[in-house]
1. Just checking, which of Ala51, Ala9, Ala2 is free of Cβ contacts under 8 Å to residues at least 40 places away in the same chain and either touching a strand residue (DSSP E or B) at 6+ places or on another chain (Cβ under 6 Å) or on the phi > 0 side of the Ramachandran plot (or both)?
2. Yes or no: Ala71 surrounded by 10 or more Cβ atoms within 10 Å (Cβ to Cβ), among the small types (Gly, Ala, Ser) and touching a residue at least 40 places away in the same chain (Cβ under 8 Å)?
3. Here's a check for you: in segment 34-53, which residue that is open to solvent by 50 Å² or more (accessible area, probe 1.4 Å) and not hydrophobic (A, V, I, L, M, F, W, C) is farthest from Gln19 (Cα to Cα)?
4. Just name the residue that is nearest to Leu3 (Cα to Cα) out of those in segment 37-88 that are among the acidic types (Asp, Glu) and assigned to a strand (DSSP E or B).
5. With respect to Asn56, determine if the residue is open to solvent by less than 60 Å² (accessible area, probe 1.4 Å) and at pLDDT 90 or above.
6. I'd like to know if segment 24-33 contains one or more residues that are farther than 25 Å from Ala81 by Cα and either loosely packed, with under 15 Cβ neighbours inside 10 Å or out of contact with any His (no Cβ under 6 Å at 6 or more places or on another chain) (or both).
7. How many residues does segment 32-42 contain that are modelled with pLDDT of 85 or more and either touching a Lys or Arg at 6+ places or on another chain (Cβ under 9 Å) or not hydroxyl-bearing (Ser, Thr, Tyr) (or both)?
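The values are calculated or read from the model by the stated rules, or taken from the named source; none is laboratory data. Small disclaimer: the values here were computed from a predicted structure and weren't measured. Every residue, glycine as well, gets a Cβ built from its backbone with ideal geometry; the counts of neighbours run over all protein chains shown. We work out accessible area using only protein heavy atoms, side chains counted, and drop any ligands, DNA or RNA first. Shrake-Rupley method; radii C 1.70, N 1.55, O 1.52, S 1.80 Å.
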Amino acid sequence: MALIIQSKATGEMLYTTVQDANTGNKTWKGFYQSGIVIEYLEDVKDKPIQADFINNANTIEYTYGENDFTAHITFTDLGIAFDVKVSM
């Protein structure tokens, strides 16, 4: 769920995720390769747990509009689901 935006004037590309993702541990890779990352608390622990598209089971269903899309994201193992709307 990353975006790539190209300038019509210069041809330059803007990426919303890191393109050379060969560094870092699995938590960092999940952070910089996922379009969305959430942190949540479990039980009485005070250290947040990261959920991302790389390290957690998930499904993403897209609905497209003329200048936007909505992604219905479900982290299946966690039982967390939400919608994200992106418009240009």
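1. Of the residues listed, the single one that is free of Cβ contacts under 8 Å to residues at least 40 places away in the same chain and either touching a strand residue (DSSP E or B) at 6+ places or on another chain (Cβ under 6 Å) or on the phi > 0 side of the Ramachandran plot (or both) is Ala51.
2. Considered against the rule, which asks whether it is surrounded by 10 or more Cβ atoms within 10 Å (Cβ to Cβ), among the small types (Gly, Ala, Ser) and touching a residue at least 40 places away in the same chain (Cβ under 8 Å), Ala71 comes out as yes.
3. Among those that are open to solvent by 50 Å² or more (accessible area, probe 1.4 Å) and not hydrophobic (A, V, I, L, M, F, W, C), it is Asp43.
4. If we take residues in segment 37-88 being among the acidic types (Asp, Glu) and assigned to a strand (DSSP E or B), then Asp68 is nearest to Leu3 (Cα to Cα).
5. Yes, satisfied.
6. Yes - at least one qualifying residue is present in segment 24-33.
7. 6
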